[in-house]
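Okay, structure first, notes after.
The values are calculated or read from the model by the stated rules, or taken from the named source; none is laboratory data. Predicted, not measured: the structure shown is a model, and the values here were computed from it. Each accessible area value is taken on the protein alone, full model and side chains, heavy atoms only, with ligands, DNA and RNA left out. Shrake-Rupley method; radii C 1.70, N 1.55, O 1.52, S 1.80 Å.
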Amino acid sequence: MTKKAPDIQDEYKYGFKDEDVSIFRSEKGLTREVVEEISKMKGEPEWMLEFRLKALENFEQFPMPEWGGDLSELNFDDITYYIKPSEKAEKSWEEVPDQIKDTFDKLGIPEAEQKWLAGVSAQYESEVVYHNMQKELEELGVIFMDTDSALKEYPEIFKEHFGTVVPPSDNKFAALNSAVWSGGSFIYVPKGVKVDIPLQAYFRINSENMGQFERTLIIVDEGASVHYVEGCTAPIYSTNSLHSAVVEIIAKKGATIRYTTIQNWAPNIYNLVTKRAVAEEDATVEWVDGNIGSKLTMKYPAVIMKGPRAKANVLSIAMAGKGQHQDAGAKVIHLAPDCTSTIISKSISKHGGKANYRGLALFGRNSQGSKSNIKCDTLILDEISTSDTIPHNEVQNNDITLEHEATVSKVSEEQLFYLMSRGISEQDAIQMIIMGFIEPFTKELPMEYAVEMNRLIKFEMEGSIG
Amino acid sequence: MSQPKLTIEDLQVSVEGKKILKGLSLEIKGGEVHAIMGPNGTGKSTLASTLMGHPKYKVESGSVTLNGENVLEMATDERARKGIFLAMQYPSEISGVTNADFLRSAINARRGEGNEISLIKFVREMEKKMSFLEMKESFAQRYVNEGFSGGEKKRNEILQMMMLKPQIAILDEIDSGLDIDALKVVAKGVNEMKGPEMGVLVITHYQRLLNYIKPDYVHIMMQGRIVRSGGPELAEKLEAEGYDWIKEELGIEDETVSQRS
């Protein structure tokens, strides 16, 4: 039952492509003119243009990161920075062009789903084209719209928070996103409002060599709570494509936010994302983050616990196949007393893939009584795949607790024999072991995402036995 | 279903180049309970694992057939689907997979696509069998063998046997690490299943188990082969007198397989 390194299927299940329906696309490459054009097309206020141009300067000044993954083949001049697919964000499903609906159908988002989803805001290329919000949410004062519209409709609350958690000067890719951002979700939940149903967005890149630079900003006011869910399924491309998003979350006193992502990128996409949250006193921030596919993912969801008793939970899985590198992890920054954080990271590597955990646990001078528990589990499916755990700890206070546990396992011959001795085929047995391995993650997902997740993993595993 | 028949002829098996089974023959028919007894290191568990097709065990010569079909050509999962079941001495833990999901997958693998068991029927049957084996209901939703005590693991093996309804059930040291109450429950499960549609091979080195699962045939294994066969009285004699008398009769000094013979 020793497994030889199998041939991976090169076709990609969601690799269908629709005809390009864009009505505007910028020239390839990034210049001051492109940035000005984007801002002008969007009719943005002056401060946003200045913000973009300043970010562009940062982007040009910052060197390419030399840690994490190999970015040497990423050519910034060969990327389209802005594509506008249709005139405006659509208000109802009926107004969404049929062709775009087809794409969503192929992604397995049935129209019926919208009936029970609270609000669906799906990003098609760079602009939100479909946006639906349940009436009762509006009545509660919850704002859930695409980020471009929020800039126009809620300029004050927007300006107050935008770029405060992830400033353009943070890193090269945050700077890039700040210069050319387009689309993304904006959520504001007013004081004390608890949103019971998950707010969902579906993302998809659909143009060759196109970068997607969405920008998400979520503000959860005091005592409020919300669960935001996004999933991505990208089609296959012949050349490299870049996805570089920024997500900013502000959880005010006593607020609770969970942000769930499943990203399934085509195997040639660079997925370089900055996700960060600030948790104030007694606030809870949870990142549930699933990364499948892409050529290289570098993503380390962070929570800065600024107020006493703030909580952070990060639950992530990463799956790396042939030619893929997942460099993912989490950052938990404890800056106040009695903060608690938990990181559970699960990674799977196969067919020569590389899945690394890279994490930071920081305890500031005032973090007495804070606790962090970090658990990294890795499953390596063959002899040619690799995984590394690269934890980084910074402790400036003696009165803290930090626990770190890492396990590396293989699908053991005994486990396979056991399952097969009950009549289960080798392929199903391996799948079962993998599903079990990521079960702590899938059980946290809303039902339809759990189903999709299982389907994706099954597909990823198909034909993986020699 | 006609009466099943497992036939083992002159089976020779090696592990990592070392010969363990040195010519073993045995026939088990539906309705029969065979017990293989013998001290440690005589090849008993090798026989069990070989019959199930564990990749570590290499068949050098001989044959194994189930109802005339060549078992040795089948992969482990195929053997299981044909009706061979092995209750393991050390069942694996499968984290994140519930006992119920696991069992249903196993049953459906055997039934084949388009003929899956209905969820309701499955749940009812599993609940019934679990209650028969005095297992808590929570075991259905616990992860396969994870955090189970020794006794719970063995009950779980018997539960699987009862759900899968094999033609040939091999119980490899099912009694090891069991207290008397757990042993009785395990035996109750096996006895419940006894009948012309299932043959049983019990592997043990204690006669104790055979007080509860009555064998029709008892075989003594030494040096990788069956050195004596008889009825239940043979097990009783072993219990009373140990193995030495047999060794003496056969002129064996070292009964383990490491002995060159």
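For segment B:134-261, evaluate the Debye formula with one uniform point scatterer on each Cα (no solvent term) and list log10 I(q)/I(0) at q = 0.09, 0.15, 0.19, 0.20 Å⁻¹, rounded to two decimals. The computed values of log10 I(q)/I(0) come out as -0.32, -0.79, -1.09, -1.16. For chain B, the longest principal axis of the Cα atoms and the long axis of helix B:180-193 meet at an angle of about 80 degrees. Ligands, DNA and RNA aside, residue B:206 has an accessible area near 120 Å² when probed at 1.4 Å. Going from the isolated chain to the complete set of protein chains, segment A:418-458 loses at least 50 Å² of heavy-atom accessible area (1.4 Å probe) at A:418, A:420, A:421, A:422, A:423, A:432. How much of the accessible area of segment B:38-84, in percent, comes from carbon and sulfur atoms when a 1.4 Å probe is used? Reported share for carbon and sulfur atoms: 40 percent. Relative to the longest principal axis of the C-alpha atoms of chain B, give the angle of the C-alpha long axis of helix B:119-132, reported between 0 and 90° and rounded to the nearest 10°. The angle comes out at about 50 degrees. Residue order by solvent-accessible surface for A:154, B:90, A:81 is B:90, A:154, A:81, largest first, with ligands and nucleic acids left out and a 1.4 Å probe. With every protein chain in place and a 1.4 angstrom probe, the accessible-area ranking of A:349, A:409, largest first, reads A:409, A:349.
In the elastic network of chain B, a GNM with C-alpha springs shorter than 10 Å, the most mobile of B:150, B:17, B:189 is B:17.
Which shape class applies to chain B: rounded if a/c is under 1.5, otherwise prolate when a/b exceeds b/c and oblate if not, where a ≥ b ≥ c are the square roots of the Cα gyration tensor eigenvalues? Intermediate values should be presented prior to the final figure.
On the way: a/c = 1.83, a/b = 1.48, b/c = 1.24.
Note, shape of chain B comes out prolate.
From the largest down, segment B:208-257 spans 31, 20, 15 angstrom on the principal axes of its Cα atoms.
With every protein chain present, what is the per residue accessible area of segment B:97-201 (1.4 Å probe, Å²)?
With the other protein chains kept in place, segment B:97-201 gives 42 Å² per residue.
A simple rule links phi to the HN-Hα coupling: the Karplus curve 6.51 cos²θ - 1.76 cosθ + 1.60 with θ = phi - 60°, which for segment B:2-18 gives 6, 5, x, 8, 10, 10, 10, 10, 6, 7, 10, 9, 10, 10, 6, x, 9 Hz, with x for Gly and Pro.
Can you tell me what the convex hull of the Cα atoms of segment B:93-207 projects to on average, as an area in nm²? Provide the component values of the computation, followed by the final result.
Values: hull surface 29.8 nm².
Approximately 7.4 nm², given one-decimal rounding.
Largest accessible area first, the listed residues B:95, A:39, B:2, A:425 line up as B:2, B:95, A:425, A:39 when surface is computed with a 1.4 Å probe on the assembled protein chains. With 10 Å² as the minimum drop in accessible area between chain alone and full protein complex (1.4 Å probe), the qualifying residues in segment A:376-415 are A:413, A:414, A:415. Cross-link check: pairs A:350/B:82; A:346/A:410; B:56/B:184 evaluated at a Cα-Cα cut-off of 21 Å; pairs beyond the cut-off: A:350/B:82; B:56/B:184. Entry note, chain B: the mean residue ellipticity at 222 nm calculated from DSSP H runs of n ≥ 4, each adding -39500 (n - 2.57), is -10500 deg cm²/dmol after division by the residues and rounding to the nearest 500. Its alpha carbons considered, segment B:68-110 gives a radius of gyration followed by a Dmax of 12.3, 39 Å. Relative to the longest principal axis of the Cα atoms of chain B, the long axis of helix B:99-111 makes an angle of roughly 80 degrees. Comparing the full protein assembly with the isolated chain (1.4 Å probe, heavy atoms, ligands and nucleic acids excluded), the residues of segment B:100-130 losing at least 50 square angstrom of accessible area are B:102.
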